[in-house]
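Below is one structure, written out as structure tokens; comments come after it.
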Amino acid sequence: MDTKISGKVIVLGNNIDTDQIYPGRFLEITNAEEIGKRCLSGVSPEIAEKFQKGDIVVAGTNFGCGSSREHAAIAIINMGSSVVLADSFARIFFRNAINLGLPLITCKGISSKVKDGQLVELDIEAGELTVKETGEVLKTDKLGDYAMSILEAGGIKPLMREKMRKLKADQ
Amino acid sequence: MHAIEKILAKNSGRELVETGEIVMAKVDFAEINDLYLQTVYSFYEMDGEKVWDKDRAAFVFDHYAPAPTIASAQIHKEMREFAREQDLTYHFDVNAGVCHQVMPEAGLVYPGMILVATDSHTTTHGAFGALGTGVGATDMATILMTGELWFRVPEVIEVRIDGIPKHGVMPKDVVLLVLGKLKADGAVYKAIDFTGTYIEQLGVAGRMVICNMAVEMGAKTAYMQPNDEVLEYVSKRAVRPFEVVFTDDGYQYSETYHFEVTDLEPQVAAPSSVDNVFNLDDVEKVRIDQAFVGTCTGGRLEDIQAAADILRDKKIAKWVRLLVIPASTEVMQESIKKGYLQELMDAGATISTPGCGPCLSAHEGVIASGEVCVSTSNRNFPGRMGSTDSKIYLASPATVAASALTGYLTNPIERGDK
């Protein structure tokens, strides 16, 4: 996982729920690329159309509240955001994203401090976010050790495969 | 320790656990609903071979039951194949109902257990003194492989509810009141313990309504100390022996909120946020297109009875569709025996077979652009039940039925007067 990420931000509001991130009517789709094309279509279908790989999703409080659908995290990854920054995150969405190797970085107040299109530089390990235009440096929360260990492995799937290999070798 | 901490300690082989620490805990039952075929995919992507315990995992087909599209039929097909290959003891196909109703009915939920399901509303099972929590597909796949899951030991918030509301004010009104105060992120990563004289006397169905909506405040799980009615319910059904867990005297909650509901009026969550809660009487006149009684929040026998009591020998407004979807086959059969479904059909209701219905716009009654639905379900997010330009008001079954009658959002206590 890259711990230093930079990109242009797309700023969303508070309580963006999983129905807005990934509407229920698309849940029967299982192809990840197709899921990515419908990301945030509950807010506006234009977001995924205009999104450039490397842009960064920024949101207010309680991002990802609502359903446990993993499609929400799959959609964001496949739309091309390599990190999400928000004032706060909902719990199941947090687990889903970390499991899939998508870092979610809590940065209190961020949604009111950056504007659409601004370039930011994030240093996950240092816990700092720099807004390039203004030079302002914001503090970000550090992820817990367990979440970091999953992200460093590239998600829970490689970790589990390793665990299964070891189990088999021991038998 | 709190009862929730004791459950986590017991299942992680520990004497004590502390708030904030990460524990690896055994899962007593794992349940997958039909939105989550990714669970099966993730299981194989992680080199999974055998489900850890064939008696402790089950699929429930509810969101797409029966399948409305070829794609969802394919999901069911692949899940059935997996369940068969793994020789899972329990399986709930399209003839069962909503997972959170079906699981307790089948005796798979009991006090002191950890139930993990691929559904956010798994907090419902706090009603039985169980630790129920929702996860996504890949988390679930790790459980199927190992029987364990990592948990952060949560802070516990006490929500103390005292008093007995007047007739016509239902558990849904009570939980909407709480939600309006704590807000949609009031309990993120935390657990909510509901206490107080109201909860102590509350039956199984009402308890399930309130714990169900704990997740709408962001809660990881909910808890209620089981009362006699709960113990009678689970004693008749539980497939395993269980032990009721108690919170230690003097346990310090991270926060306490107090509500008095004796004078509570019917509540409504207006579009498009679950915490946008008002006294129903304070909301301006709203014309409705659809009224929906159903789901894991509001589709139980008590809810259907409340609707039948209001609509008996009456007709719904001409422009309204009233959908009634019992939460399970057991609920549907009881509703038929008691005559409620007959009465509701006579009043003009459309009855569908048990399942989630249009709650998440998967099928059976989605709403068009510009339409308004008043619903006993749990979410009014933009586009939740269909078009992004539709509107959802969340209310009690009594309010939904009274509104179907007049065609406008209506207080069930002042039947038709408003």
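Here are a few things to note about the model shown:
- Model label zone, residue B:18; criterion: amide N under 18 Å from point 7 Å along Cα-to-beta-carbon; scope segment B:117-157: B:151-156
- Helix B:137-146 axis, angle to chain B major axis (alpha carbon atoms, nearest 10°): 40
- Pairwise FRET efficiency - residue A:30 versus residue B:243, Cβ, R0 = 51 Å, nearest 0.05: 0.80
- Stokes-Einstein translational diffusion, chain A - Kirkwood Rh over all Cα pairs, 1.002 mPa s, 20 °C, in µm²/s: 132
- Most fluctuating residue given options B:400, B:283, B:159, as computed from a GNM of chain B linking Cα atoms under 10 Å: B:283
- Ranked packing of B:134-140, B:368-374, most packed first, by mean Cβ within 10 Å: B:134-140, B:368-374
- Pairs spanning more than 19 Å between alpha-carbon atoms, out of A:168/B:50; A:113/B:220; A:8/A:142: A:113/B:220; A:8/A:142.
- Note on B:185, B:389: ascending count of other Cβ atoms within 10 Å places them as B:389, B:185, the fewest first.
- In degrees, nearest ten, helix B:70-85 long axis to first principal axis of chain B (Cα): 30
- Residue order, fewest to most surrounding Cβ atoms within 10 angstrom, among B:295, A:106: A:106, B:295
- For the residues B:232, B:148, B:260, a GNM of chain B with alpha-carbon springs under 10 Å puts the largest fluctuation on B:232.
- To the nearest ten degrees, helix B:171-182 and the longest principal axis of the Cα atoms of chain B are 70 degrees apart.
- Applying D = kT/(6 pi eta Rh) to chain B, where Rh is the Kirkwood radius over alpha-carbon pairs, T corresponds to 10 °C and eta to 1.306 mPa s, the Stokes-Einstein value obtained is 74 µm²/s.
- Excluding the site residues themselves, the longest part of chain A lacking any trypsin sites (Lys or Arg not before Pro) in a DSSP loop with at most 16 other Cβ atoms within 10 Å is A:54-107.
- For the residues of A:20-27, the average number of beta carbons from a partner chain within 10 Å of their own beta carbon is 6.
- With Cα atoms defining each centre, segment A:148-171 and segment B:340-418 are spaced 47 Å apart in the structure.
- Cα centroid of segment A:85-142 to Cα centroid of segment B:141-211, whole Å: 30
- Build a GNM of chain B with springs between Cα atoms under 10 Å apart, and of B:51, B:156, B:109 the one that fluctuates most is B:51.
- The alpha-carbon of residue B:54 sits under 15 angstrom from the alpha-carbons of these aspartates and glutamates, leaving out residues fewer than 8 places away in its chain: B:28, B:31, B:81, B:85, B:87, B:148.
- Backbone HN-Hα couplings from phi across segment A:81-93 [Karplus 6.51/-1.76/1.60, Hz, Gly and Pro as x]: 8, 8, 7, 10, 10, 8, 5, 6, 10, 7, 5, 5, 4
- A crude spin-label estimate for the pair residue A:163 and residue B:55, with each label 7 Å from Cα along the Cβ direction, gives 2.3 nm.
None of the figures in this text is laboratory data; all of them are computed from the coordinates on show. The structure presented is a predicted model; accordingly, all values stated were derived computationally and were not measured. Note that we place each Cβ from the backbone using ideal geometry, even for glycine, and neighbour counts take in every protein chain shown.
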